[in-house]
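The structure appears below as structure tokens.
Please treat every number below as a calculation from the coordinates, not as lab data. Being a predicted model, the structure only gives us computed values, none of them experimental. Cβ: placed from backbone, ideal geometry, glycine included. Neighbour counts: every protein chain shown.
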């Protein structure tokens, strides 16, 4: 946030090394300044788990990274982002049509059996114009984010592993360098 991020992601997917507990998430969101969004990331969570989280943590947006249906995503009456694991250009077109109520689509790398956080980029030339804002993710680092922004012109970029010292441990220096590259792109 100190480096200029507009949003932070809180991972509610226990297998992830980046996962947070509800208590940790509530403590983090309590310290956020105005106009910084808290995004709750879920992977094939039960509707009850999402509802319990919403009761305890003030989230601005939901982000779904699993095989959730459009109906599932919309049931919480909250703005949501749907992740699209890019294999072909048609994945984006289908998601744009299927997730009509999504606030944005997050484009991530595809790796069989892995919902995200692979650290791998994908072929950005597959990205076509769609009706929704696009958030680019997947292997973004200080070294490639400016090129990614120039090539794709996304609404936003999403980074996690690209600014970590080790899995789940963010580096303030890497975050600052990444944000400088974003600002200069």
| query | What does the helix-only formula give at 222 nm for the chain: each DSSP H stretch with n ≥ 4 adding -39500 (n - 2.57), the total divided by the residues, and the result rounded to the nearest 500 deg cm²/dmol? | reply | -8500 deg cm²/dmol
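Among 157-169, 57-69, how do they line up by average Cβ neighbours within 10 Å per residue, starting with the highest?
Working: 157-169: 17.2, 57-69: 19.0.
With the highest mean Cβ count within 10 Å placed first, the list reads 57-69, 157-169.
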| note | Rounded to whole angstrom, the alpha-carbon centroid of the range 147-185 lies from that of the range 63-81 at a distance of 25 Å
| Most fluctuating residue of 130, 145, 84 in a GNM of the chain with Cα springs under 10 Å: which is it? | 130
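What is the order of 179, 78, fewest Cβ neighbours within 10 Å to most? Can you show the working numbers first?
On the way: 179 19, 78 15.
Placing the least packed residue first, the sequence is 78, 179.
Restricting the count to DSSP beta bridges whose residues both fall in the chain, what percent are antiparallel, rounded to a multiple of 5?
On the way: 3 of 27 bridges.
Roughly 10 percent of the DSSP beta bridges within the chain come out antiparallel.
Relative contact order for the range 7-184: what is it in percent, counting Cα pairs under 8 Å that are at least 6 residues apart? Write out the running numbers ahead of the final one.
On the way: 303 pairs, mean separation 25.3, N = 178.
Once normalised by length, the contact order is 14 percent.
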| query | Here are some values of Rg and Dmax of the Cα atoms in Å: (i) 19.4, 60; (ii) 15.6, 42; (iii) 22.1, 68. Which one was computed from this structure? | reply | (ii)
